[in-house]
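Peer 1: Pasting a structure here, questions to come.
The values are calculated or read from the model by the stated rules, or taken from the named source; none is laboratory data. The structure displayed is predicted, hence computed values, not measured ones. Every residue, glycine among them, receives a Cβ derived from its backbone with ideal geometry; neighbour counts consider all protein chains shown.
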Amino acid sequence: MEKVRRAVKDSVGEVMMDRDLFHRCVGGNIVLLIQAFRKKFIIPEFDVFARKINEIYKTVQEQRDGKVADYIPQLAKFSPNLWGVSLCTVDGQRHSVGDTKQPFCLQSCVKPLQYAIAVHESDTEKVHSYVGMEPSGLKFNVLSLDEEDKPHNPMVNAGAILISSLIKPLANKAEKFDYFMEFVKKMAGQEYVGFSNATFQSEKETGDRNFAIGYYMKEKRCFPPGADMIDALDFYFQLCSIEVTCESGSVMAATLANGGICPITGERVLSAEAVRNTLSLMHSCGMYDFSGQMAFHVGLPAKSGVSGAILLVIPNVMGVMCWSPPLDKVGNSVRGIHFCQELVSQFNFHNYDNLRHFVKKQDPRRQDGDDRNKSVFNLMFAAFSGDVSALRRFALSSVDMDLKDYDSRTALHIAAAEDFTYAMQFGHEEVVKMLQEYQEDWKQQDGEVEQPPKLDTIEGMI
Ligand code: GLU
C-alpha cells in the first residue's frame, strides 16, 4: 500500500494503472497474491468462512448476561453492548466484525505474553525453576503456592507477578517497559498497542490482594536473587494496563498460532519453544475456573482477562481476539465464551476433532483445487484398475468417493462401465459393490448433501 500511496503522490493528474505501476504495487506482495489466486491459503474460501463468523457474531450478540468489572472506574466505564471479534490467519488473511477498533486493556491476557517472552529470553528450565505448570484448581488471585513453594503456573496472579521479575532482570524500570512494549508491538505486526496510565494507577491503588501475594512470595523466597518484589508488582500492573484493539490483538494471537512468526511482517518474534509452552499452559490454565471445561468443550488454547478480552489461538490456522466487557461469575467474557463454543461446534477446530473421519462439522481448511484434482485422478484410476483396497483406503481417509471428473463421471461410473469379463478378472464387480456400500453408509450419515448417482442410473452402461 505504501507503494501505491507513493505512486499517487508522485503522479501528476489522474493515476492510471499501467504495467509499471502494477509491478510496483504487487512487487512486494507477489507471494501473497499468487497464494490468493491459487487458493492456497490455509482457509481457501475465506469469504464464506468470514460470513459464517458474522453469523456466529450475531447469534452471540443476543447474549445479555454478565456484569462489567467495576473494581476500577477504567473498566466500569465500558458499555455492556460492546462486542467485537477479529481474526487473523497464519497467512495474514483478516476479518473483523463489531467494535474491533476500540482500545481496551489486556489485563490477564498479558500473562501468556509475559511467560512467552520470559521463556524466549532464557529457557524453559530456568523459568520453571521459579514457577509450576499445573492448574491450581483455585481462584486466579488466591494466596497459594504449590508443594515446592512455587506459584502454581504463569496464568495465575502469583505466577505472573513472579515472571515480571524474570524479564530483563538487569534493566531499569523504563528499559523493561520499553523492551516489553517492543515485543508486544512486534507480535501485533506494529498495529495498535497503547498504555492506559489511569488503569495502571488504579490497579496499583486497589491492588491489595496482589501486594499480599507479593509479600507472601517474598516470605517464601520465591523471587530470584536480587529481584525487588515491589518493582515486580509495579511492572505487573503496568503490563495489565497495556492496551490493544481486537484487530491488533488478533495479530498477536496469530503470531502464537504461527509458531512465533508474525504473519503480517514475517518477523520471528518468539522462539518455537516459547510458543509451544505458552499454548500448552493457555490450554490447561488460561480461562480461570473454567479452564477444564474450556479444554473439554472448546479444546483450544485461550486466555481471558477482566476487561472482557479472550485471546484465542487455533494453532497453525489463526488467532482470534474477542472482546465484550460483561463477565460471567468466574471472570470470563460471556459473549467471548459463547463465541468460542459456537465456533468449535460449527468447525472442527477442537484439538481432538478428527480431521479425517468427522463429517458433521465443517473444515474450512479442506482441500484446495489441486488436491481435489489429485483425488479425482486417484479414485478414477483405482476404479479403472479394480483396486478395491486403494478405494477402501481413500474412503477411510474421508476422500469424497463421489468426486466427479470433467464429464461428471464418478469412480462408480468408471467401475461399472468396464467390460463384464474384464470386470470379473480385475475385480470391478467388487469395486462396484464396495462403492455401492459406501453410498448406503453415506446416505445414512448425512441427508442434507446432494445425493450420489443411484446405481440403477448407470446400470445401462454395464
Ligand atoms: N489486574 C488484574 C489483577 O491482577 C488482572 C485481573 C485479570 O484480568 O484477571 O487482579
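Peer 1: Tell me, yes or no, whether the range 112-125 has at least one residue that is in contact with a strand residue (DSSP E or B) (Cβ under 8 Å, 6 or more places away or on another chain) and not in a loop (DSSP other than H, G, I, E, B).
Peer 2: So in the range 112-125, the residues in contact with a strand residue (DSSP E or B) (Cβ under 8 Å, 6 or more places away or on another chain) come out as 112.
Next, from what is left, pick out any that are not in a loop (DSSP other than H, G, I, E, B): 112.
Checking the range 112-125: at least one residue is in contact with a strand residue (DSSP E or B) (Cβ under 8 Å, 6 or more places away or on another chain) and not in a loop (DSSP other than H, G, I, E, B).
Peer 1: Let me ask something additional. Let me confirm something: among ASN172, ASN157, which residue is of a type outside the set (A, V, I, L, M), within 21 Å of SER291 (Cβ to Cβ) and modelled with pLDDT of 95 or more?
Peer 2: Values: ASN172 fails: within 21 Å of SER291 (Cβ to Cβ).
Checking each option against the conditions leaves just ASN157.
Peer 1: Name the residue that is nearest to the ligand (Cβ to nearest atom), counting only residues in the range 269-290 that are in contact with a Pro (Cβ under 8 Å, 6 or more places away or on another chain) and closer than 15 Å to ALA309 by Cα. First the steps, then the outcome.
Peer 2: Going residue by residue through the range 269-290, those that are in contact with a Pro (Cβ under 8 Å, 6 or more places away or on another chain) are 278-286.
Filter once more, keeping what is closer than 15 Å to ALA309 by Cα: 282, 286.
Values: MET282: 14, GLY286: 11 Å.
Selected residue: GLY286.
Peer 1: So for the range 257-272 (the condition being more than 22 Å from the chain's Cα centre (by Cα) and under 30 Å from LEU300 (Cα atoms)), does at least one residue qualify?
Peer 2: If we filter the range 257-272 for residues that are more than 22 Å from the chain's Cα centre (by Cα), which is where we start, we get none.
No, that holds for no residue.
Peer 1: Check the range 297-320 and report whether any residue there is assigned to a helix (DSSP H, G or I) and at pLDDT 95 or above. Outline the logic, then answer.
Peer 2: From the range 297-320, those assigned to a helix (DSSP H, G or I) are 297; that's our starting set.
Subsequent filtering for residues that are at pLDDT 95 or above retains 297.
Among the residues of the range 297-320, at least one is assigned to a helix (DSSP H, G or I) and at pLDDT 95 or above, which makes the answer yes.
Rundown of residues vs (1) within 14 Å of ALA257 (Cα to Cα); (2) over 16 Å from the mean Cα position of the chain (by Cα), yes/no style:
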{"position": "LEU300", "(1), (2)": "yes, no"}
{"position": "ILE310", "(1), (2)": "no, no"}
{"position": "ILE314", "(1), (2)": "yes, no"}
{"position": "VAL317", "(1), (2)": "yes, no"}
{"position": "VAL320", "(1), (2)": "yes, no"}
{"position": "PRO325", "(1), (2)": "no, yes"}
{"position": "GLY336", "(1), (2)": "no, no"}
{"position": "SER345", "(1), (2)": "no, no"}
{"position": "ASN351", "(1), (2)": "yes, no"}
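Peer 1: For the range 248-286: of the residues being crowded, with 20+ Cβ neighbours inside 10 Å and in contact with a Lys or Arg (Cβ under 7 Å, 6 or more places away or on another chain), which is farthest from VAL156 (Cα to Cα)?
Peer 2: CYS262
Peer 1: Would you confirm whether any residue within the range 116-125 is within 15 Å of the ligand (Cβ to nearest atom) and either of a type outside the set (Lys, Arg) or within 26 Å of the chain's Cα centre (by Cα) (or both)?
Peer 2: no
Peer 1: Related question: Any residue at all in the range 75-97 that's closer than 30 Å to ARG268 by Cβ, β-branched (Val, Ile, Thr), away from the ligand (no atom under 14 Å from the Cβ) and assigned to a helix (DSSP H, G or I)?
Peer 2: No, the range 75-97 contains no residue that is closer than 30 Å to ARG268 by Cβ, β-branched (Val, Ile, Thr), away from the ligand (no atom under 14 Å from the Cβ) and assigned to a helix (DSSP H, G or I).
Peer 1: Oh, and also: Of a type outside the set (S, T, N, Q) and either within 16 Å of the ligand (Cβ to nearest atom) or in contact with a helix residue (DSSP H, G or I) (Cβ under 6 Å, 6 or more places away or on another chain) (or both), is that true of ALA174?
Peer 2: Values: of a type outside the set (S, T, N, Q): yes; either within 16 Å of the ligand (Cβ to nearest atom) or in contact with a helix residue (DSSP H, G or I) (Cβ under 6 Å, 6 or more places away or on another chain) (or both): no.
Judged against the criteria, ALA174 is not a match.
Peer 1: Looking only at residues in the range 152-171 that are under 14 Å from TYR130 (Cβ atoms) and among the polar types (S, T, N, Q), which one is farthest from the ligand (Cβ to nearest atom)?
Peer 2: Just the residues of the range 152-171 that are under 14 Å from TYR130 (Cβ atoms), to begin with: 152-154, 156, 158-167, 169.
Filter again for among the polar types (S, T, N, Q), leaving 153, 164-165.
On the way: ASN153: 14, SER164: 11, SER165: 15 Å.
Of everything passing the filter in the range 152-171, SER165 is farthest from the ligand (Cβ to nearest atom).
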